Amino acid sequence: MGETRIAFRDVSKRFPAKRPGEAEVHAVRNVTLAIADGEVASLIGPSGCGKSTLLNMGSGLYLPTEGTVEIDGVQVTGPNSQVAFMLQKDLLLPWRTIRENAELGLEIRGVAANERRERALELLARCHLGGFENHYPHQLSGGMRQRSALARTLAVDPAVLLMDEPFSALDAQTKMVLQQDLAQTLAAENKTALLITHDLVESIALSDRVYVMSERPGTIIEEIVIEIPGREDPMRRRRDPRVGAYVAELMSLLHV
Ligand code: ADP
Ligand code: MG
């Protein structure tokens with residue numbers, strides 16, 4: 001593993017009370033974690049424990065109340081182009097084709113038309129969307145739209161990918177196919193990623209390490225290294241007999 005790409009150092013987040021007399025919300029408490037170049041980590045924890053808040057601080061959308069977030073050693077002080085976000089909702093622009101959607105980030109950065117087109121087509125092919133470049137989002141299935149969102153996310157070549165339950169709206173089989181695509185692409189492009197999921201097997205199949213968060217105010221209560229080889233092939237990893245023991249460990253940490 002290489003150098004640290006994203007680091008949270010003793011990060012806490014409190015949201016002020018909305019009305020007088022109400023209590024502030026202490027969403028995240030003293031989180032310290034670091035993800036190295038080319039590494040994929042997952043974050044699991046009970047609903048409302050502060051996972052999305054933590055990811056939002058990674059992207060600079062929220063600023064920590066205490067502590068710092070650094071990307072490549074530089075403190076994050078606001079939204080920046082170093083990180084790319086992928087959410088459950090695909091956020092594709094309905095009036096643009098899949099290729100035009102994939103080009104969006106590059107267009108904003110002023111990349112020349114032929115160059116961004118080439119990059120978009122390459123990523124769409126890698127995400128198994130070859131032949132669908134000129135389709136509009138409404139013409140595609142939910143799984144294909146999420147693949148398009150992945151292609152668009154990767155097109156800008158971000159230092160870090162932050163993913164907030166990107167597959168949770170998909171049916172079980174589509175989800176497995178997309179996990180496979182994502183894992184292969186992350187490995188082929190040597191991407192650094194932090195993935196939030198509530199699917200324990202997904203976290204085990206896709207990552208090098210799993211961080212477990214406590215109830216709110218969320219803090220990291222455990223870090224589990226997944227010692228099953230072949231992170232680029234989650235279909236195979238899922239079948240590994242060691243998965244059961246990891247699931248059991250995560251369940252007891254989550255008190256389920
Ligand atoms: P999770 O993603 O783990 O389900 P969230 O990070 O979305 O949890 O939320 C953690 C807590 O922070 C919740 O109580 C939520 O209501 C609160 N919260 C999140 N965003 C805001 C905000 N912008 N303003 C006020 N409270 C917020
Ligand atoms: Mg969330």
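Taking the stretch 160-184, which residues are assigned to a helix (DSSP H, G or I) and touching a strand residue (DSSP E or B) at 6+ places or on another chain (Cβ under 9 Å)? Break it down into steps so the answer makes sense when it comes.
Residues of the stretch 160-184 that are assigned to a helix (DSSP H, G or I), as a first pass: 172-184.
Within the stretch 160-184, 182, 183 meet the criteria.
From the list 219, 174, 185, pick out the single residue that is over 24 Å from residue 54 (Cα atoms), open to solvent by 10 Å² or more (accessible area, probe 1.4 Å) and among the hydroxyl-bearing types (Ser, Thr, Tyr).
Numbers: 219 fails: over 24 Å from residue 54 (Cα atoms); 185 fails: open to solvent by 10 Å² or more (accessible area, probe 1.4 Å).
Just one listed residue meets the conditions, 174.
Among (1) crowded, with 17+ Cβ neighbours inside 10 Å; (2) away from ligand 2 (no atom under 16 Å from the Cβ), which single condition is residue 3 missing?
Condition not satisfied by residue 3: (1).
Filter the stretch 38-70 down to residues that are among the β-branched types (Val, Ile, Thr) and surrounded by fewer than 22 Cβ atoms within 10 Å (Cβ to Cβ) and give me whichever is farthest from residue 6 (Cα to Cα).
First pass over the stretch 38-70, keeping only residues among the β-branched types (Val, Ile, Thr): 40, 44, 53, 65, 68-69.
Checking the rest, the ones that are also surrounded by fewer than 22 Cβ atoms within 10 Å (Cβ to Cβ) come to 65, 68.
Values: 65: 18, 68: 11 Å.
Filtering first and then ranking leaves 65.
Within the stretch 208-216, is there a residue that is of a type in the set (S, T, N, Q) and either more than 30 Å from residue 66 (Cβ to Cβ) or buried (at least 19 other Cβ atoms within 10 Å of the Cβ) (or both)? Spell out how you get there, then give the answer.
In the first step, residues of the stretch 208-216 are kept if they are of a type in the set (S, T, N, Q); the result is 214.
Next, only the ones that are either more than 30 Å from residue 66 (Cβ to Cβ) or buried (at least 19 other Cβ atoms within 10 Å of the Cβ) (or both) stay: none.
Among the residues of the stretch 208-216, not one is of a type in the set (S, T, N, Q) and either more than 30 Å from residue 66 (Cβ to Cβ) or buried (at least 19 other Cβ atoms within 10 Å of the Cβ) (or both), which makes the answer no.
Do you know which residues across the stretch 159-170 are modelled with pLDDT under 90 and away from ligand 2 (no atom under 16 Å from the Cβ)?
Correct list: 159, 170.
For residue 56, only one of the following conditions fails: (1) closer than 24 Å to residue 175 by Cα; (2) touching a residue at least 12 places away in the same chain (Cβ under 8 Å). What is its number?
Single failed check for residue 56: (2).
For every residue, the table says whether it meets (1) touching a residue at least 60 places away in the same chain (Cβ under 8 Å); (2) farther than 19 Å from residue 162 by Cα.
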{"position": "81", "(1), (2)": "yes, no"}
{"position": "90", "(1), (2)": "no, no"}
{"position": "112", "(1), (2)": "no, yes"}
{"position": "116", "(1), (2)": "no, yes"}
{"position": "128", "(1), (2)": "no, yes"}
{"position": "131", "(1), (2)": "no, yes"}
{"position": "135", "(1), (2)": "no, yes"}
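Go through the stretch 71-86 and report how many residues are more than 16 Å from ligand 1 (Cβ to nearest atom), within 17 Å of the chain's Cα centre (by Cα) and open to solvent by 60 Å² or more (accessible area, probe 1.4 Å). Show your work before the answer.
Of the residues in the stretch 71-86, the ones more than 16 Å from ligand 1 (Cβ to nearest atom) are 71-77, 80-84.
The next check asks that each one be within 17 Å of the chain's Cα centre (by Cα); those that pass are 71, 80-84.
Within this subset, residues satisfying the condition of being open to solvent by 60 Å² or more (accessible area, probe 1.4 Å) are 81-82.
Adding up the residues that qualify gives 2.
The values are calculated or read from the model by the stated rules, or taken from the named source; none is laboratory data. The structure displayed is predicted, hence computed values, not measured ones. Note that we place each Cβ from the backbone using ideal geometry, even for glycine, and neighbour counts take in every protein chain shown. Just so you know, the surface numbers come from the protein's heavy atoms only, side chains and all, with ligands and any DNA or RNA stripped out. Shrake-Rupley method; radii C 1.70, N 1.55, O 1.52, S 1.80 Å.
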